[in-house]
Amino acid sequence: MNAYGTGHLYGPARFEKAARVELAKPQLRENLRHATHTIRDRREEVVDEVPDWEQLRESGQAIKARVARQLPELLERFEAAAVEAGATVHWARDADEACRIVTGLVKDTGASEAVKIKSMTTQEINLNEALESAGIDAYETDLAELIVQLAEDKPSHILVPAIHYNREEIRDIFRQRMPGAADTLSDAPEELAEAARTHLRRRFLSARVAISGANFAVADTGTLVVVESEGNGRMCLTLPETLISVVGIDKLVPSFADLEVFLQLLPRSSTGERMNPYTSMWTGVTPGDGPQRTHIVLLDNGRSATLSDPVGRQALSCIRCSACLNVCPVYERAGGHAYGSVYPGPIGAIISPQLTGVGENASLPYASTLCGACNDVCPVKIDIADVLVHLRGRAVDAKRDTLSAERIAMRLLSWIMSDPRRYGRALRAARRGTAPLAALLGGRRTVRHLPWPLSAWTSSRDAPLPAAESFQEWWQRTRAEREQAQRGNPSKGETS
Amino acid sequence: MNAREEVLARLRSALGDGPAEVAVPRAYRRTGTCDPDRLAELLADRLVDYRAGVHWSSQDGLAETLSALLPAEGPLVVPPDVPDRWLAAYDGQVLVDSDDAPLGTGTLDGAASVLTGCATAIAQTGTLVLDGGTAQGRRLLTLIPDHHVCVVPVTDIVDTVPEGLQRLAPTRPLTLISGPSATSDIELSRVEGVHGPRRLDVVLVR
Ligand code: SF4
């Protein structure tokens, strides 16, 4: 019997309904298009200069697969090492339990406020709301989280939770809602960053409790790692007396040396930097330096249920870089809120339904065109498309009795998609089938019914018309051109 | 069952299918291919790319180089074990942090600059690594003042991330610094200067 996760993992509406609402916001789409394309290009540039990128991905994938396989032992090892180094380790079965533990710990210090480092895990468990109802003010200190918190909004991206706002909108939020912000504040990013700095400075210097997540937890040493840019993380990790870190049990790596792989994969994939400005690593308590009380809350919240699916468990390898969001045509158009969960985009479409049980999130595995762009960028080589198709099958199985026809179609679809050639053939057939439709629809590129067997898609959703050229066909066609261009062009990049 | 036992039991049962052993390939580059004489230039190039100031100095000229970089009046914050010769040419006010008389956050906030060394530097990524060892001090020293000056002997530079991490003791408090504080949170464009030091000057000593 699986124990599923609770918290901010699903929304009130099915994906396709929520997406339709979001699609009607042109400014949102423009903001997302601009931001995701900026970051995509930057990522590509810094990935291209790494000659051993593929080898790093392969190691990252294998290390994480090994972690999944040894998760119980590694967690015990992590706990022992962290306790030995002076940390206190707590375990939480689900979101509510984690919130209770953290709230209790903050109360024990006598503090009525806490500063927070950006952490998707604490968003997942709705920690801010829990703290608030216990009379504790939680202040987000990451710029994007601060924007979202001031706007009383929800995150829409796992790296940049405020990605759906442009600079003018951010300026307006600051002017209206940030205490002390000048009416003359401009929309220059430098000025907005400066305003956040001034706003949070005193809070950092007087904070007694900080709450963080962690990007990695090292089993051998009990070390936690936080990767960040602004220095708000360092402030929270260094200045307060008490530090509480909420860590998903999927964040483990076996040894300190394994970080050499992930610290190369993560920054280039997420912010498109060779290295993010600041990475902090700490182990328990260091006398005289930093918080003298450190707590670690190890969180399950549906991760064990995810682990129980031999195909789906690879989603636990995710290092939350957000590269898959940034290349996803569905995310780019629908935006993060449409997914209902704190985890949007391709990773959200495979992790949220597994954390909550597929029945609770049955529409998310369909929030994809299966174009495969996410697979290509994932630094730990998660086969997102494969897991999506697998989960579609499970979503249909969950409704077995009422929808057996769709289940059969879905099995067929999964069979078609498991082989690139079969998939290509089916897509070409569909394109032929819809060519007259495309002419009729004019500019509209979605259709409510695709020809069989791809009709399995459209029986409960609109599908985009098959592109004139599929991604795979485009890849085949342009690969030859690119290879030729590369041969003629001495490789740029590494100067070493 | 308490939460710990229950989570562990859930995980063990989730692995009931007995997934196969996984071998971890390590075909990526562990050591760099950069000519050791060029490592400092590569590091400098990466640092400049992220808007850090880069300054070259000889051993003998270090005191002069530093005093030209540091604010004339101060106050300048230093860890207790910073070498005297670094400050030989500096006339401004110097605040020394120590175990017996740790500097308060207010004092640090009012300081103009902080001067430290580092444990190692990684050329490929333009990264300085601080581990609280010699001439580095507590983590907050390099965080609160708005200007950080870091001295890096070229002999301490390594090429790759794996080489850098190999030099570290995992259980020390570690800070990897790659350029001044920055954010990409506004339209995913990088802007330098948020909460950490907004100016980072690196002095490469050869
Ligand atoms: S699934 Fe892969 S690409 Fe997407 S966020 Fe996770 S690690 Fe990054």
Condition met for B:R46 (open to solvent by 50 Å² or more (accessible area, probe 1.4 Å) and at the interface with another protein chain (Cβ under 10 Å from one of its Cβ atoms)): no
Could you list all residues from region A:121-141 that are part of a helix (DSSP H, G or I) and either buried (at least 19 other Cβ atoms within 10 Å of the Cβ) or outside the structural domain of A:G302 (by TED's automatic domain parsing) (or both)? A:T121, A:T122, A:Q123, A:E124, A:L127, A:N128, A:A130, A:L131
Between A:I101, A:I63, which is in the same structural domain as A:F262 (by TED's automatic domain parsing) and under 21 Å from A:G5 (Cα atoms)? A:I101
Test for A:D300: is it facing chain B (nearest Cβ under 7 Å) and open to solvent by less than 10 Å² (accessible area, probe 1.4 Å): yes
Being at the interface with another protein chain (Cβ under 7 Å from one of its Cβ atoms) and either at positive phi or in contact (Cβ under 8 Å) with a residue 40 or more places away in the chain (or both) is the requirement here; does A:S280 meet it? yes
More than 11 Å from every other protein chain (Cβ to nearest Cβ), small (G, A, S) and more than 13 Å from the ligand (Cβ to nearest atom): is that true of A:G335 in this structure? yes
Hey, which of the strands (runs of 3 or more DSSP E) in region A:142-260, taking only ones fully inside, have at least 2 residues that are within 11 Å of another protein chain (Cβ to nearest Cβ)? A:223-228
Can you report the number of residues in region B:139-156 which are surrounded by fewer than 20 Cβ atoms within 10 Å (Cβ to Cβ) and either farther than 21 Å from B:G61 by Cα or touching a helix residue (DSSP H, G or I) at 6+ places or on another chain (Cβ under 9 Å) (or both)? 2
Going through region A:338-359 one residue at a time, which ones are within 16 Å of the ligand (Cβ to nearest atom), touching a residue at least 60 places away in the same chain (Cβ under 8 Å) and polar (S, T, N, Q)? A:S341, A:S352
Among the listed residues A:L266, A:L307, A:L325, A:L237, identify the single one that is more than 13 Å from the ligand (Cβ to nearest atom), within 19 Å of the chain's Cα centre (by Cα) and open to solvent by less than 10 Å² (accessible area, probe 1.4 Å). A:L307
Name the residue, out of B:V203, B:V194, that is at pLDDT 95 or above and not polar (S, T, N, Q). B:V203
Single residue of B:R38, B:R51, B:R26 found to be within 21 Å of the chain's Cα centre (by Cα), basic (K, R), within 12 Å of another protein chain (Cβ to nearest Cβ) and part of a loop (DSSP other than H, G, I, E, B): B:R51
So, in region A:150-172, how many residues would count as being surrounded by fewer than 21 Cβ atoms within 10 Å (Cβ to Cβ) and touching a Phe, Trp or Tyr at 6+ places or on another chain (Cβ under 8 Å)? 2
Every residue in region B:159-183 that is open to solvent by less than 10 Å² (accessible area, probe 1.4 Å) and either at pLDDT below 90 or more than 7 Å from chain A (Cβ to nearest Cβ) (or both), please. B:T160, B:G164, B:G179, B:P180, B:S181, B:A182, B:T183
Checking A:A68, A:A62 in turn, the sole residue that is touching a residue at least 60 places away in the same chain (Cβ under 8 Å), open to solvent by less than 20 Å² (accessible area, probe 1.4 Å) and facing chain B (nearest Cβ under 10 Å) turns out to be A:A68
Region A:80-120, residues that are part of a helix (DSSP H, G or I), open to solvent by less than 30 Å² (accessible area, probe 1.4 Å), within 13 Å of chain B (Cβ to nearest Cβ) and farther than 21 Å from B:V7 by Cα: none
Residues to consider are A:D48, A:D52, A:D41; find the one that is over 21 Å from A:V218 (Cβ atoms), of a type in the set (D, E) and at the interface with chain B (Cβ under 7 Å from one of its Cβ atoms). A:D52
From the list A:V246, A:V253, A:V225, pick out the single residue that is closer than 20 Å to A:T121 by Cα, surrounded by fewer than 24 Cβ atoms within 10 Å (Cβ to Cβ) and under 19 Å from the mean Cα position of the chain (by Cα). A:V225
Selection within region A:367-393 - more than 12 Å from the ligand (Cβ to nearest atom) and out of contact with any helix residue (DSSP H, G or I) (no Cβ under 7 Å at 6 or more places or on another chain): A:D386
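Condition check ((1) within 14 Å of chain A (Cβ to nearest Cβ); (2) open to solvent by 20 Å² or more (accessible area, probe 1.4 Å)) across all residues:
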residue: B:A14; (1), (2): yes, no
residue: B:D17; (1), (2): yes, yes
residue: B:P71; (1), (2): no, yes
residue: B:P83; (1), (2): no, yes
Answer yes or no as to whether A:N31 is polar (S, T, N, Q) and part of a helix (DSSP H, G or I). yes
Limited to region A:1-20, what total is found for residues that are part of a helix (DSSP H, G or I) and open to solvent by 90 Å² or more (accessible area, probe 1.4 Å)? 2
List pairs: first residue in region A:111-132 and acidic (D, E), second residue part of a loop (DSSP other than H, G, I, E, B) and open to solvent by less than 10 Å² (accessible area, probe 1.4 Å) anywhere in the structure, Cβ distance under 9 angstrom, at least six positions apart or on different chains. A:E113/A:I136; A:E124/A:G5; A:E124/A:L9; A:E124/A:N301; A:E124/A:S341; A:E124/A:V342; A:E124/A:Y343
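The values are calculated or read from the model by the stated rules, or taken from the named source; none is laboratory data. Because the structure is predicted, anything quoted here is derived from the model rather than measured. Glycine also receives a Cβ, built like all others from the backbone with ideal geometry; neighbour counts cover every protein chain displayed. These area figures cover heavy atoms from the full protein model, side chains too; ligands, DNA and RNA do not enter into them. Shrake-Rupley method; radii C 1.70, N 1.55, O 1.52, S 1.80 Å.
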